[in-house]
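Visitor: This structure is in structure tokens; I'll ask about it shortly.
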Amino acid sequence: MRWLLRSRTVPVAIRNGSYNSFELRRSVMASCRAVLLPRFGGPEVLEVLENVNLPELNPNEVLVRTRAVSVNPLDTRMRSGYGRSLFEPLLPIIIGRDISGEVAALGSSVHSLSVGQEVFGALHPTAVRGTYADYAILAEDQLTVKPESISHVDASAIPFAALTAWRALRCTARIKQGQRLLVVGGGGAVGFSAIQLAVAVGCHVSTTCGGECIARILAAGAEQAVDYATEDYEASINGYFDAVLDTIGVTETERIGINLLKRGGHYMTLQGETASLTDRYGLAVGLPMSTAILLMKQVQYRYSHGIEYWWNYMRTDPEGLREIRRLSEVGKLKVPVDKTFPMKQVREAHGAKDKRLVPGKVVLEFD
Ligand SMILES: NC(=O)c1ccc[n+]([C@@H]2O[C@H](COP(=O)([O-])OP(=O)(O)OC[C@H]3O[C@@H](n4cnc5c(N)ncnc54)[C@H](OP(=O)(O)O)[C@@H]3O)[C@@H](O)[C@H]2O)c1
């Protein structure tokens, strides 16, 4: 833990706010707690540590006083060892991608935000210093101003999931008004975000989901919602689609999704194999192997079905974040939060997700 615990100051430009650098340094250095992942394992490996120092801010970075972070599947998977080929040499690390909080300090080239503003945003999946900390560091373009109409808890549930959906729909499939989209797993955070983003564009959306989500999904504008647990959804889903976003990505959903596409349509799974292959075979073998497998599938499905096949990954995206902010401000993009935990109970929060005790989003609140 040496790299995190050694004493360092925080050279930052303080503008438009009531802080001075001495006050900031004192308050940050005295109170910065963080959840550390010292080794991979169950929820019990997570450690809440006091006095974890902050790295220096780069010119394009923003220091955010954390108010809420949501627990993403990536957080619990990283804790269990997913991405170990990348993260193991860097342990201990701070996990967490989503954040909602207040700007505490600005890097010298940041001009779009000011100290004290309420912001929300998300880190890239491969970021090493995550958001489970009293103070988190994000690049300027990974943050946007939080709408006043939503709480920090609700805001923290949105960005990572919605940016994942944005990337697939707007950057990969380039969905347009009037097109038909199928979301496999529309009850989850990414699936529900995708439904709302596509409805906002003017697409016709169908989805598979758990029965308890159907009313919420139809109210958000989907035209058809089929309960995957009780119905034969392959037979129940009407018509063919321009794009399929498969958040589940198992063999069966891949087969059904591809068969329901029009020629020229896009099949996008969130369960790409890059991380699992690099974890198993190392970066040097796993990366080229995953590229070869993806290419093979792309060629195969183009030939057999005339469709485009993709592994989609979350990317931070300033344009996407602006649109996500706009839609969430007017109530057209929400990710329902089922339960909150104080940050100190991070193990309980992860345990609840691992054991599927809480079906929807879990959020950690920072006091
Ligand atoms: N590639 C990337 O960059 C990326 C980014 C974000 C997320 N992901 C992955 O995408 C997945 C979804 O993420 P999320 O944040 O949306 O998770 P989430 O909020 O936990 O949602 C998962 C949803 O899937 C539903 N589900 C499970 N099996 C299903 C099936 N066979 N058919 C239809 N729905 C089914 C679950 O419903 P029930 O509770 O009823 O089972 C739940 O609502 C996770 O595996 C995550 O790791 C990947």
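Visitor: Check the cysteines of the chain one by one and keep only those with no other cysteine Cβ under 4.7 Å from their own.
Guide: Cys with no partner Cβ under 4.7 Å: C32, C171, C203.
Visitor: Summarise the accessible area of the chain (1.4 Å probe, protein heavy atoms) by the percent that is carbon and sulfur. Working shown, then result.
Guide: Details: 8080 of 15730 Å².
Carbon-and-sulfur percentage of accessible area, whole number: 51.
Visitor: Which value in deg cm²/dmol, rounded to the nearest 500, describes the helix-derived mean residue ellipticity at 222 nm for the chain, given -39,500 (n - 2.57) per DSSP H run of n ≥ 4 and division by the residue count? List each step's numbers first, then the result.
Guide: Details: 14 runs with 123 residues, N = 367.
Per the formula, -9500 deg cm²/dmol.
Visitor: What accessible area per residue comes out for the range 106-176, rounded to a whole number of Å², with a 1.4 Å probe? Provide the component values of the computation, followed by the final result.
Guide: Numbers: 2210 Å² over 71 residues.
Here the per-residue accessible area is 31 Å².
Visitor: For a protection proxy built on the mean count of beta-carbon atoms within 10 angstrom, sort 75-83, 182-190 highest first, please.
Guide: Ranked by mean Cβ neighbours within 10 Å, highest first: 182-190, 75-83.
Visitor: Moving on. Run the numbers for D338 and V250: contour at 0.36 nm per residue of separation, minus the present Cα-Cα distance, in nm.
Guide: 29.1 nm
Visitor: Among the lysines, which fall within straight-line cross-link reach of K355, defined as a Cα-Cα distance under 20 Å, with same-chain neighbours fewer than 8 residues apart omitted?
Guide: Once the sequence-local lysines are set aside, what remains near K355 is K339, K344.
Visitor: Something else: Express the relative contact order of the range 243-366 as a whole percentage, based on alpha carbon pairs under 8 Å and six or more residues apart in sequence. The partial results should precede the final answer.
Guide: On the way: 144 pairs, mean separation 23.6, N = 124.
Result for the range 243-366 is 19 percent.
Visitor: Also: Mind running the shape call on the chain? Use the C-alpha gyration tensor, a ≥ b ≥ c as the square roots of the eigenvalues: rounded below 1.5 for a/c, prolate if a/b tops b/c, oblate otherwise. Don't jump to the answer; show the numbers that get you there.
Guide: Values: a/c = 1.89, a/b = 1.58, b/c = 1.19.
Verdict is prolate for the chain.
Visitor: Follow-up. Could you list, in their original order, any pairs among K146/K332; K297/K353; K262/K334 whose Cα atoms are separated by more than 22 Å? Kindly include the intermediate steps, with their values, before the conclusion.
Guide: Numbers: K146/K332 15 Å; K297/K353 32 Å; K262/K334 30 Å.
Check vs 22 Å cut-off fails for K297/K353; K262/K334.
Visitor: Extension gain S108-V45, at 0.36 nm per residue separation less the Cα-Cα distance, in nm? Write out the running numbers ahead of the final one.
Guide: Numbers: separation 63, 0.36 × 63 = 22.68 nm, distance 3.65 nm.
Computed gain between S108 and V45 is 19.0 nm.
Visitor: Let me ask you something else. Find, among the GluC sites (Glu not before Pro) in the range 75-164, those assigned to loop by DSSP (not H, G, I, E, B) with at most 12 other beta-carbon atoms within 10 angstrom. Display every interim value, and only then the final one.
Guide: Details: sites: E102, E118, E140, E148; in loops: E148.
Hits after loop and neighbour filter: E148.
Visitor: Which of the three applies to the range 161-272, rounded, prolate or oblate, going by the alpha-carbon gyration tensor with a ≥ b ≥ c and a/c under 1.5 meaning rounded? Before the final figure, lay out the partial values.
Guide: Values: a/c = 1.29, a/b = 1.10, b/c = 1.17.
Because its axes are fairly even, with a/c under 1.5, the range 161-272 counts as rounded.
Visitor: While we're on this one: Please compute the contact order of the range 161-272 in relative form: average sequence separation of alpha-carbon pairs under 8 Å and at least six residues apart, divided by the residue count, as a percent.
Guide: Values: 222 pairs, mean separation 28.5, N = 112.
That works out to 25 percent.
Visitor: Let's see if you can work this out: charge +1 on each Lys and Arg Cβ, -1 on each Asp and Glu Cβ, no other charges. What is the dipole magnitude of the range 161-272 about its Cα centre, in debye to the nearest 20? Can you show the working numbers first?
Guide: Working: 9 positive and 10 negative charges, 135 e Å.
Roughly 640 debye, rounded to the nearest 20.
Visitor: Got the relative contact order for the chain handy, in percent, Cα pairs under 8 Å and 6 or more residues apart?
Guide: Values: 823 pairs, mean separation 63.7, N = 367.
Relative CO of the chain lands at 17 percent.
Visitor: Choose one of Y82, G107, P92: the residue whose Cα lies farthest towards the positive end of the charge dipole of the chain (beta-carbon charges +1 Lys, Arg; -1 Asp, Glu; about the Cα centre).
Guide: Going by the Cα projections, it comes out as G107.
Visitor: Which value in nm describes the separation of the simple spin-label points at E348 and L283, placed 7 Å from the Cα toward the beta carbon?
Guide: My value for the distance between the label points is 3.9 nm.
Visitor: Just V337, V128, V299 to compare: in a GNM of the chain, with alpha carbon springs under 10 Å, which one fluctuates most?
Guide: V299
Visitor: Let me ask something additional. Translational diffusion coefficient of the range 71-124 at 4 °C, 1.567 mPa s, Stokes-Einstein with Kirkwood Rh over Cα pairs, in µm²/s as a whole number.
Guide: Working: Rh = 13.3 Å.
Rounded, D is 97 µm²/s.
Visitor: Is the range 215-367 rounded, prolate or oblate when judged by the Cα gyration tensor, a ≥ b ≥ c being the square roots of its eigenvalues, rounded requiring a/c under 1.5 and prolate requiring a/b larger than b/c?
Guide: Judged from the Cα gyration tensor, the range 215-367 comes out oblate (a/c at least 1.5, b/c at or above a/b).
Visitor: I've got another one for you. Assign unit charges at the C-beta atoms only (+1 for Lys and Arg, -1 for Asp and Glu), then state the dipole size of the chain relative to its Cα centre in Debye, rounded to the nearest 20.
Guide: The calculated dipole for the chain is roughly 580 debye.
Visitor: Stretch Y303-Q271 to full length: gain in nm at 0.36 nm per residue minus the Cα-Cα span? Let's see the in-between values first.
Guide: Values: separation 32, 0.36 × 32 = 11.52 nm, distance 2.21 nm.
The span from Y303 to Q271 would gain 9.3 nm if fully extended.
Visitor: For K146, what residues show an amide H to amide H distance below 5 Å, using hydrogens built from the backbone and excluding near sequence neighbours?
Guide: Placed amide hydrogens put E118, V119, F120 under 5 Å from K146.
Visitor: Amide H of Y135: which non-local residues (sequence gap of 5 or more, or other chain) have their own amide H closer than 5 Å, using H built in the peptide plane?
Guide: Those qualifying (amide H under 5 Å, at least 5 residues apart or on another chain) are R33, T66.
Visitor: Can I ask one more? List the residues, sorted by chain then number, that are 5 or more residues from K361 or on another chain and whose placed amide H is less than 5 Å from its amide H.
Guide: The list, which skips near neighbours in sequence, is D338.
Visitor: Can you give the local net charge around V199? Use residues other than it whose beta-carbon is closer than 11 angstrom to its beta-carbon, Lys and Arg +1, Asp and Glu -1.
Guide: Working: positive: K332; negative: E223.
Result for the neighbourhood of V199: 0.
The values are calculated or read from the model by the stated rules, or taken from the named source; none is laboratory data. Values in this document were obtained by computation on a predicted structure and should not be read as measured data. Ideal geometry is used to build each Cβ from the backbone, glycine not excepted, and the neighbour counts take in all protein chains shown. Accessible surface is based on the protein model in full, side chains and every heavy atom, while ligands, DNA and RNA are left aside. Shrake-Rupley method; radii C 1.70, N 1.55, O 1.52, S 1.80 Å.
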